[in-house]
Structure formats: C-alpha cells, structure tokens
Amino acid sequence: MLTTFLLISPKLHESWSKAGDRLLDNSVDFVTAVLPKLLVVAALAWILIRLVSFFSSRMIRIAERHAGGAIQISQARTLSSVIRATGIAIIAFLAVLQILPMLGFNLGPLLTSAGVAGVAIGLAAQTIVKDCLNGTLILIEDQYNVGDWVTIAGFTGQIEGLSLRKTTLRDGNGTLYVIPNSQITTVANLTRDYSSPVLNVAVDYSADPDKTIAVLTEVAKGVRNDPAFKDAFLADPVILGVDQVKGSQLIYPIVLKTLANQQWGPLRELQRRIRLALPEHSILPGDPYRVFGMGNLRAGAVPEAPAQPEAPHPNPTAAKPQEINPFTGEGL
C-alpha cells in the first residue's frame, strides 16, 4: 500500500500542478483580455441607459412646462415610460449578446432556439403586438384624449380610458365598450377644437322665404347674445337660406360654431325659440302630408283647411204631409 501510494503521489502532484497552472493562465487571460471587454460593454450599456432615462425625463419636464392640461401631461408620461422601458430592454439584450461569447457560451444553438420560440410567440401574440403598435401611434398622433366624444369601430361615446392595448368608451346609454386598438382604423373626433352642428328647420312651402330667414336670423341672434350661452359661441350663427325643397317643405339650415362639446345647450334653446317664433309670425312648420291648393301660394298666405259644406236646413213648407194607412193607422 505504501509503495503504491508513493508511486501514485508524484502523478497526482503533477496533475494538480498542471490544473493550477491552467487555472492561473485562464485567470490571467480573463483579467488581461476578457475583463476589460466586459467592463467596456457594461460601461457603454450603462451610459446608453442613462441617456434614455435622461431624454425620457426631459420629455416629461417639457410636457409639464408647455402642455395645456393634465391629459397631455398624462400622454407624455405614458409615451416616456414606453420609450424608456423599450430602450432599456433593447440595450440590455444587445449587451447580453456581447457578454455571453466572452464567457465561453456558444450563441448558435441559443439563437436558433430563440428564433423558433420568437416565431411561435409572434404568431400567437400578433394581435397584441398590433394593439400596442396602434396604441402607440394613437398617443403619438394625439388622435383622441380621455373625455373626447368619438366614433371608433362603429361605436359612439366618450373616451373613459386609453392604454397601449385598448380603449374604453361609454355611450349615451351608459354601456361601456372595451375596444382593442388594432380594431381602430378610422377615428371621428366630435370634440376636437370646436363643434359646428347644423340645425335643419322645415317650413311650409307657402311661407315667404325672406320673412322666414329674417325670423330665423332674429331667433338665432337672440340665442347667440343670451348670457347663458354667449360664452359657448365662437362665431355668429349662419342661416344658409333655402337649402332644399321637399314636396311641400322648404329646408333652412342654421349653422352654429361653438366650443368643443358645448353645442348641446344652444341647440336645444334654439329649437325651443324657433317653435315659439313660427306661430307668432303665422309661419307653418313643414309637414310632408299637408295638401293645399295653388291659390294658397300667394305671398304671406297661410293654407287653410278646406271648408266643410254645411248640411242643408229642411224647409218645413216643402215637407210632404205624412200619409196614414186607413186600415192599420200606421204612417206610410
């Protein structure tokens, strides 16, 4: 046993010495060749991450300084967080791809597996990717904000929430719709900058157009100058004249221009005053079922209902005497 140990121990000592030498050589190579490269890559990644964070924070400060409201500031913060998270993820991924080969990892099989997995995930989650991309464009282009009345994906209502993946909208009946952003192809924003509703007033064909336009102008100006609605208007109402002739009706459009989403009160008040003004000036409202003769078309004439013929009064002198049957005593 002792002899065998004495024979083996020099060989063990030699192998341990070689292993130690290799480890020392590898350590020296790592410190002199690999470690500086790792430090350079890490330093570059850290600098790039700091730059992304600086620009994203700068974006928020500029938005807070120049934005007109809390909604724009919220949009800037959302965009800033998206840019920051995306930039850091890309920088970290590229840094890992540079570091792993330096540590002795073979990236060939890893990249092949990642490519196959990426294709599978991309096919399964392509709708989510479309949602996020379209949501990013909606935010960047400022197509609509929270609180706007819009028509998107066939639904009309007020925007209650907006994220990169979905938009929540509530219609006038209180129904809440959750719409993926990839389904939004056309946006009709009803409250952007200003509102310009058109009220079509139908008046009977017999009414004098000049008189009708004067009455509608007076009523519209009255609403425009009313202290309750004055601040909502951006311009005076415009009566376009006779726009259409529909049978026995004449259509007079009235165009309003108000602040965004402030047209409802003036519209209701204008319709109420028109309803009261037309009878005061002997102007009949339009009725597609009204029938009148050509004699009613003279200026200022109002078609009257045709006179009903009076029932003839019996002439007592012309009445025949009642004949009586002499056999029965009954009248014939």
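The values are calculated or read from the model by the stated rules, or taken from the named source; none is laboratory data. This structure is a prediction, so every number in the text was calculated from the model and none was measured. Don't worry about glycine lacking a Cβ; one is built from the backbone with ideal geometry, like all the others, and counts go over all protein chains shown. The accessibility values were calculated without ligands, DNA or RNA, using every heavy atom of the protein model including side chains. Shrake-Rupley method; radii C 1.70, N 1.55, O 1.52, S 1.80 Å.
Please work out if residue 258 is free of Cβ contacts under 8 Å to residues at least 40 places away in the same chain and of a type in the set (Val, Ile, Thr). The answer is no for residue 258.
In the stretch 147-171, of all residues being small (Gly, Ala, Ser) and open to solvent by less than 70 Å² (accessible area, probe 1.4 Å), the one that is farthest from residue 260 (Cα to Cα) corresponds to 163. The criterion of being within 30 Å of residue 128 (Cβ to Cβ), of a type outside the set (Val, Ile, Thr) and either touching a Cys at 6+ places or on another chain (Cβ under 8 Å) or open to solvent by 70 Å² or more (accessible area, probe 1.4 Å) (or both) holds for residue 176. Examine the stretch 195-210 for a residue that is over 12 Å from residue 266 (Cβ atoms), buried (at least 19 other Cβ atoms within 10 Å of the Cβ) and among the β-branched types (Val, Ile, Thr), and state whether such a residue exists. Yes, the stretch 195-210 contains a residue that is over 12 Å from residue 266 (Cβ atoms), buried (at least 19 other Cβ atoms within 10 Å of the Cβ) and among the β-branched types (Val, Ile, Thr). For the stretch 245-265, residues that are over 19 Å from residue 204 (Cβ atoms) and outside any loop (DSSP other than H, G, I, E, B) total 5. When the stretch 124-138 is filtered for residues that are part of a helix (DSSP H, G or I) and either small (Gly, Ala, Ser) or open to solvent by less than 10 Å² (accessible area, probe 1.4 Å) (or both), the ones remaining, listed by number, are 124, 131, 135, 138.
Note on the stretch 245-278: residues that are over 22 Å from residue 189 (Cα atoms) and surrounded by 14 or more Cβ atoms within 10 Å (Cβ to Cβ) total 13. Note on the stretch 62-84: residues that are open to solvent by less than 60 Å² (accessible area, probe 1.4 Å) and either part of a helix (DSSP H, G or I) or at pLDDT 70 or above (or both) total 8.
Checked against (1) at pLDDT 70 or above; (2) farther than 29 Å from residue 234 by Cβ; (3) open to solvent by less than 60 Å² (accessible area, probe 1.4 Å); (4) assigned to a helix (DSSP H, G or I), residue 296 passes all but a single condition, namely (1). Hey, can you tell me all the residues within the stretch 222-233 that are out of contact with any strand residue (DSSP E or B) (no Cβ under 6 Å at 6 or more places or on another chain) and over 13 Å from residue 271 (Cα atoms)? Selection gives 225, 226, 227, 228, 229, 230, 231. Entry remark, the stretch 183-194: residues being open to solvent by less than 30 Å² (accessible area, probe 1.4 Å) and not β-branched (Val, Ile, Thr) number 0 in total.
Filter the stretch 211-244 down to the residues that are part of a helix (DSSP H, G or I) and among the polar types (S, T, N, Q), then identify the one that is most open to solvent (accessible area, probe 1.4 Å). My answer is 217. Output yes when any residue across the stretch 161-183 is assigned to a loop (DSSP other than H, G, I, E, B), touching a residue at least 60 places away in the same chain (Cβ under 8 Å) and touching a strand residue (DSSP E or B) at 6+ places or on another chain (Cβ under 8 Å), and no when none is. Among the residues of the stretch 161-183, not one is assigned to a loop (DSSP other than H, G, I, E, B), touching a residue at least 60 places away in the same chain (Cβ under 8 Å) and touching a strand residue (DSSP E or B) at 6+ places or on another chain (Cβ under 8 Å), which makes the answer no. In the stretch 195-214, the residue that is nearest to residue 150 (Cα to Cα) out of those that are within 38 Å of the chain's Cα centre (by Cα) and in contact (Cβ under 8 Å) with a residue 60 or more places away in the chain is 195.
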